[in-house]
Amino acid sequence: MKTILIVDDNESICNILYHYGKEAGYTMVIAHTGQEGLTYFTNYKPDVILLDVMLPDIDGFEVCQCIRKVSRVPILMITAKTADQDRVMGLDIGADDYILKPFSCQEVMARIRAVLRRTEDNPEQADFVYGNLMIQESRNLVSLDGNPINLTKKEMELLVLLASHPGRVYSREILLDLVWGYSGESYDRAVDSCVKRLRAKLDEYPHPCFSIKTIWGVGYSFAYEEKKHEQADK
């Protein structure tokens, strides 16, 4: 049975989501403050978090950032804010989806089912090895020369998508659709920011045989050159 953590100071919203979730077969846990949400996250290890942006102590963005330092648990942010910059900020710091108030509980349950489907482990998925880079998707592990690289959920998904088709160029629009489930020019910065963070983490160790290339005016591509790696080993 999956556990859903609701972090929202609005009791009426919490109560209705609680009952819909229970009817759908989930274990529901409610926190009314950001600090309480972080405590319950540690104690209950939820499978999905519904996180309100506006909380009475620390805001949802800060809560999301704290969780992303240690976990890739799916986070669906709930907000009454409609400004694109707020949604982009949430995506930049690791949120998986955005739910705008007012919302229907049926939609929220559908979003939860969708994000759970995307995050289910698939033990049949093959690992990727490119020179000194190893990606073990089924175990959520990435390493360079045996050194673990701590990636967020979105960074991992982006790397797996690019590395699964070396040389293929993905537009920002396609990446948004496949990794974030969004589309639209206003979200392009989420892709660019994620690529920047991913590159910075990979660049902590030498990797002469691969790179994430920017295809100007188009998007991004994973480039792998085995000969470079062979030369570096000599």
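The values are calculated or read from the model by the stated rules, or taken from the named source; none is laboratory data. Everything quoted here is computed from the prediction, not taken from an experiment. Using ideal geometry, Cβ is built from the backbone for each residue, glycine included, and neighbour counts are taken over all protein chains shown. Protein only, heavy atoms only, side chains kept; ligands, DNA and RNA dropped before computing areas. Shrake-Rupley method; radii C 1.70, N 1.55, O 1.52, S 1.80 Å.
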Considering each residue of the stretch 200-218, count those that are part of a loop (DSSP other than H, G, I, E, B) and exposed (fewer than 14 other Cβ atoms within 10 Å of the Cβ), and give that number. 6
Determine whether the stretch 77-86 contains at least one residue that is within 18 Å of Asn10 (Cβ to Cβ), at pLDDT 90 or above, over 18 Å from the mean Cα position of the chain (by Cα) and of a type in the set (Gly, Ala, Ser). no
Can you tell me which residue in the stretch 36-68 is nearest to Leu5 (Cα to Cα), limited to those that are crowded, with 18+ Cβ neighbours inside 10 Å and β-branched (Val, Ile, Thr)? Ile49
Cβ contacts < 6 Å: first residue farther than 10 Å from Ile78 by Cβ, restricted to the stretch 46-68; second residue charged (D, E, K, R), any location; separation 6+ or different chain. Result? Asp47/Lys2; Leu55/Asp9; Pro56/Asp9
List every residue pair whose Cβ atoms sit under 7 Å apart, with the two residues 6 or more apart in sequence or on different chains, where the first one lies in the stretch 12-34 and is under 11 Å from Leu50 (Cβ atoms) and the second, anywhere, is among the hydroxyl-bearing types (Ser, Thr, Tyr) and open to solvent by 40 Å² or more (accessible area, probe 1.4 Å). Met28/Tyr18; Val29/Tyr40; Val29/Tyr44; Ile30/Tyr18; Ala31/Tyr40
Over the stretch 138-163, the set of residues in contact with a helix residue (DSSP H, G or I) (Cβ under 7 Å, 6 or more places away or on another chain), within 18 Å of Arg68 (Cα to Cα) and part of a helix (DSSP H, G or I) is Lys154, Glu155, Glu157, Leu158, Leu159
Of everything in the stretch 113-135 that's exposed (fewer than 15 other Cβ atoms within 10 Å of the Cβ) and touching a Lys or Arg at 6+ places or on another chain (Cβ under 9 Å), which residue is modelled with the highest pLDDT? Asp127
Determine whether Ile174 is at pLDDT 85 or above, of a type outside the set (Gly, Ala, Ser), outside any loop (DSSP other than H, G, I, E, B) and touching a helix residue (DSSP H, G or I) at 6+ places or on another chain (Cβ under 7 Å). no
Would you check if Ser193 is modelled with pLDDT of 85 or more, surrounded by 14 or more Cβ atoms within 10 Å (Cβ to Cβ), out of contact with any strand residue (DSSP E or B) (no Cβ under 6 Å at 6 or more places or on another chain) and under 23 Å from Val73 (Cβ atoms)? yes
Does any residue in the stretch 144-158 that is open to solvent by less than 10 Å² (accessible area, probe 1.4 Å) come within less than 8 Å, Cβ to Cβ, of a residue that is of a type in the set (Phe, Trp, Tyr) and not in a helix (DSSP H, G or I) six or more places away or on a different chain, and which pairs are these? Leu144/Tyr205
In the set Ala223, Ala200, the lone residue that is over 23 Å from Arg111 (Cα atoms), hydrophobic (A, V, I, L, M, F, W, C), in contact with a strand residue (DSSP E or B) (Cβ under 7 Å, 6 or more places away or on another chain) and modelled with pLDDT of 90 or more is Ala223
Would you confirm, using the coordinates I've provided, whether Val48 is modelled with pLDDT under 85 and under 15 Å from the mean Cα position of the chain (by Cα)? no
